[in-house]
1. Would you kindly derive the ³J(HN,Hα) couplings of segment 65-74 from the backbone phi angles with the Karplus curve 6.51 cos²θ - 1.76 cosθ + 1.60 (θ = phi - 60°), listing them in order in whole Hz, with x for Gly and Pro?
2. So which trypsin sites (Lys or Arg not before Pro) in segment 44-102 are both in a DSSP loop and have at most 11 other Cβ atoms within 10 Å of their Cβ?
Amino acid sequence: MAFYNKIGSLMRQSISHNCVSNGQVTGPSMFNAVRCMSSKLFIGGLSYQTDDHSLKEAFSGFGDVTEARVVTDRESGRSRGFGFVNYTSDDSAIEAMKAMDG
C-alpha cells in the first residue's frame, strides 16, 4: 500500500512540476518523475574488495559526491558487489554515468 501511495505522489508531482530536459519542458509521466530525481546512481559489478571510501574516490572526479555506499552482506559483512553514489547535482550524476558506463 505504501508503494502505491509513493507512486501516486510521484505522479502528482510530475503533473504539477514538469521537468526541463535539453531546454524543452517534458510532459507528465512516471519516467520523467524518476528522471528528475537522478542524482543517485546504482553502481553494479564492483569487486568484493571495494569499500565506501574507494567508491567515493572513483566517482568524485565527476562532481561533489554526498554519499557513496557499498552494500554489504548482513551476516558476513562482505561486499555484495554493488552500491550507490549520490551527487549534489543531476548534471554530475549524468556525467559520471556516461563516463563510467561499461
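1. 8, 8, 7, 10, 10, 8, 7, 10, 5, 5
2. On the way: sites: Lys56, Arg69, Arg74, Arg78, Arg80, Lys98; in loops: Arg74, Arg78.
Listed in order of number, the matching sites are Arg74, Arg78.
Coordinate-derived values only; no laboratory data. Owing to the predicted nature of the structure, the values given are computational and were not obtained by experimental measurement. Please note: Cβ atoms are built from the backbone with ideal geometry, for glycine as well, and neighbour counts cover all protein chains shown.
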